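The values are calculated or read from the model by the stated rules, or taken from the named source; none is laboratory data. None of these values were measured; they are calculated from a predicted model. Neighbour counts run over all protein chains shown; Cβ positions are idealised from the backbone, glycine included. Surface accessibility is based on the protein's heavy atoms, side chains included, excluding ligands, DNA and RNA. Shrake-Rupley method; radii C 1.70, N 1.55, O 1.52, S 1.80 Å.
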Amino acid sequence: IPSLNRLVGNEITDKSKIVRTGEESAMYEQRIEYLLCVLLDAILSVGRPMLLLYDVTTQWSGVVRSQFIEKLLKHIADRASSRENLLFIQCCGKKRVEGLNTSTIASPDSVNISRIDIGEFSKPSLNDAISHALRLPPRVTAPLSEIIHIKTMGNIMFVIEFMKSLEKSKMLTYNLSERQWVWDIDIVPLQRISDSVAGLLMSKLLNLDKNVLDCLIMASCFGYQINMPIMELLEGFRGVTHVGANLDIGVEEGILEKAGPLYMFSHNSLQQTVYEITPQNNRNQLHLDIGSALISKSACAPQEVIEELFSVALSHINRSLPSGGSSKSNEINLSPSQRGVFAKLNLKAGQKAISNSADFALAKFHLNAGMAFLPEQFWQSQYDLAFNLHIEYANALLVQREYEELDTHCKALLLKASCIEDQIKIHELLIAYLFRSGKFPEALEHVRSVLDTLGFPLPTSVDKDTVRAVLEALRNAASGFTPEQMRTFPLMTEDVPKQAMKIMGSVPILLTFSSPTFAAMIACQMTQLSIQHGLCAESAVAFGNLGFAINSVLKDYHCGYAMGMLGLTIFQRFKSNTLILKTYLPIFGFLKSWKEPLQSCSEGLSYAVHEGSLAGDRGSVALAKTVLNRHLLVNGCKLSELRMKQESLCREMMYNKQEKKFGAFFYQSLGDLYAILTLIGEPDDHIASIFISREECEKAMLENYSSTKNASILQLFYYHRFIQSFAARDYNAALKYCEEYDKLGDGIIARITDIAVVFFSGVTASILARKTKQDGMFEIAEHRRMSFQMWADHGSKWNAENKALLLQAEKYYTTGNLDEAKASYEASIKSAREHKFIHEEALGYELYGIFRIETGHQENGKDLLKTAQSLYAEWGALKKASEMLQLM
């Protein structure tokens, strides 16, 4: 495809660069999936219609492919410009319960889903078909159709074969004088038909010439499809001659179909019936002989089929193993040297399947066969071959999410590993699997164990005081570095520190939220290693997370921001996109907003989400989208667009079973979606029918907090309650939830949700101070105002100025300084407009309008509220817009 690399980026061109580690293997597979999604989206989005047909009943379908089809459809369904150009048809057999799970792919209001049940021919429809085929009126063919329906029960395959048998036995003939098909209605019922498809096909096959049948048997060993240039290499194999002519006879008989050099069995059942003619105890030897013959004839093969030839030959050799290669063959005697050769070939084939096409299912098949071919005492005689087969197989198990077998396999492999380097490779897989399956405590113990082995142990006790002390020491050590120094800082060259950095770099960013103290210690350890031993790609993650820890624990925003900038500089030096989200999320999600516009932070996060998707980092992508969507809400993104993004994210998490992996993060994201619905004014019913109700979601968050004691979960619970109460103008409840939120976060602005809570609680306290004269309200409002004023003066004027001015206006109104209040309201509105915070511009007009009405300027106040209504509607907060009418 011309210029494809512009769309999907450059793929690995060095085929010898094979992915090794478990997490990299999983990301590689996810990258390939995402690239295909991007490609189809690019075609569909420019108005090119596409039909996708997925036949679940074919031999190449399976769970893995079905899961990918669902991912692909979900990707397209989330894009309005693409989904309208796609027609997807899925064919299922009667025994398929549901096929693809459409509820997780898209909502019924965004795509049209139709189910068409196709059964056997009814008598009228069969008569219509026979009438059309024989070119006779339906009334003439009705008696014949009646008999055929009784004989075949309307099964289309039986109908075709029965009519062919009628013609062959001269019971159905074409009369030249009458120029039409004729039959004897009294004789047709005497024609016998098998009571099964297999019996029907067998009777047909046994009437073929022996040489033709032997050729078809040989072809059936290849599966559903045969490539003629490869089949021709078997000319003379076991006495079979005239291979091409015999296959053409199969086409004439309707057993095969031909398309160029390819021959295909016309139905799976045909291929299976022909294959089963060979006695089961002879099939293994037949496959081994075919594979060996193909390899011996490889010098005669056309150059264009050489690669396919070796793949096909090896598949035959592997099928000589009973039960798909799960155990050693007792029926076929192979020498140790033969076994060694076949094991090496399977290792190369497995690695090639991964590096060329990320086909881990095929790789697993080859690697499993390779292990089965290993000769006796192989750990002593061929350790490297045996270990490479087993470690690559473990990689495939990780990607295929076969965690139970992976756990058993790796623990057994650890007993065989002969050196620390090999043990580390196994531990990397175990750590990746434990993190991916949500077993964080076990995963962290493995991390500790590996770091102890490498000589870089973590502190045995990780409490807040320990973290604070280590952070303060490291802040002093790292604060003198500049981005210019990082561009020329020495690189890490020692293998052991590199291994330690790789292990710690594999820790998911989720740990930052679920276990912040442990995550901070890992960031400190990685930073210390980088300073002492030189920089590597993971050093970017280290400095980014160090900045986040300094920001959160020490409340030193300037230093946190500076560490984040060092992390970005290091990332640009190495440009390892597999680490982009682990680097960008703490920096653009939490650090840069202290100094730079929130909108640019969102753009950085959005870029990282795209690049992280291209890199295949699916787990980090989901968390980054969660943070990104919260950024977009605080930025004033159109709520209709944000609602679709948030629902799509929840579907993605639910589809990928990430509600189990992420625990509270799924429910937090769902809670974010319900908060958006509150602002829009949309009922919960539709979302509750897809996921769970708002009440069940809140209950799940509280249960998760109860079991983990993770304060951020409870804090977000109060954040959602606060947003709901503030939107409903229930200011007493809003302030109550704000107080609970503050208890868990010290009332500081460290995260994106803090911005909304601190700002809106300041507005709430001002209103309560003015309306109810409650004690302490004015002090709360003033504390909030000073927080934003400090942010505007020393951090980002862009982000904080309009908020500080609006809280200043409320303060002046509360204290009776009306002229100053009027000027501050107008300045706040102007600042919000210039800095593109439409929702806060709307709030400014709302509060300014109320101020004018309450101070005796009714008409001006109503005009201001009309402007607020218009802005709320433009933002998408339809419920708030309607409330403006009630205030006028």
Original post:
Looking at Ser707, Ser712, Ser689, which one is modelled with pLDDT under 90, touching a helix residue (DSSP H, G or I) at 6+ places or on another chain (Cβ under 7 Å), part of a helix (DSSP H, G or I) and small (Gly, Ala, Ser)?
Top reply: Ser712
Original post:
Of the residues that sit in segment 848-888 and are surrounded by fewer than 19 Cβ atoms within 10 Å (Cβ to Cβ), of a type in the set (Lys, Arg) and free of Cβ contacts under 8 Å to residues at least 40 places away in the same chain, which one is nearest to Ile676 (Cα to Cα)?
Top reply: Lys866
Original post:
Given the conditions (1) at pLDDT 90 or above; (2) among the hydrophobic types (A, V, I, L, M, F, W, C); (3) open to solvent by less than 50 Å² (accessible area, probe 1.4 Å), which single one is not true for Phe440?
Top reply: (1)
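In segment 106-129, what residues are modelled with pLDDT of 70 or more and open to solvent by less than 60 Å² (accessible area, probe 1.4 Å)? Quick ask: steps written out before the conclusion?
Taking segment 106-129 as the starting set, the residues that turn out to be modelled with pLDDT of 70 or more are 110-129.
Within segment 106-129, Ser110, Val111, Gly119, Ser122, Ser125, Leu126, Asn127, Ala129 meet the criteria.
State all residues of segment 373-384 that are in contact with a Lys or Arg (Cβ under 6 Å, 6 or more places away or on another chain) and among the hydrophobic types (A, V, I, L, M, F, W, C); if no residue qualifies, say none.
Scanning segment 373-384 gives Phe373, Trp379.
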**OP:** Kindly list, by first and then second residue, each pair from a residue in segment 640-662 that is of a type in the set (S, T, N, Q) to a residue that is at pLDDT below 85 and open to solvent by 40 Å² or more (accessible area, probe 1.4 Å), limited to pairs with Cβ atoms under 6 Å and residues at least 6 apart or on different chains.
**Re:** Ser648/Asp78
Subject >> Filter pass, Tyr584 being open to solvent by 30 Å² or more (accessible area, probe 1.4 Å) and either touching a residue at least 60 places away in the same chain (Cβ under 8 Å) or in a helix (DSSP H, G or I) (or both) >> reply: no
Original post:
Which one of Ser530, Ser449 is of a type in the set (Gly, Ala, Ser) and open to solvent by 10 Å² or more (accessible area, probe 1.4 Å)?
Top reply: Ser449
Subject >> helices (runs of 4 or more DSSP H) enclosed by segment 323-442 - at least 1 residues per element that are under 22 Å from the mean Cα position of the chain (by Cα) >> reply: 336-357, 360-373, 383-399, 403-416, 420-436
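Out of Leu632, Leu591, which single residue is within 22 Å of Leu471 (Cβ to Cβ) and part of a helix (DSSP H, G or I)?
Values: Leu632 fails: within 22 Å of Leu471 (Cβ to Cβ).
Every option except Leu591 fails the conditions.
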Subject >> Close pairs from segment 529-543: first on the phi > 0 side of the Ramachandran plot, partner modelled with pLDDT of 95 or more and among the small types (Gly, Ala, Ser), Cβ under 8 Å, at least 6 apart >> reply: none
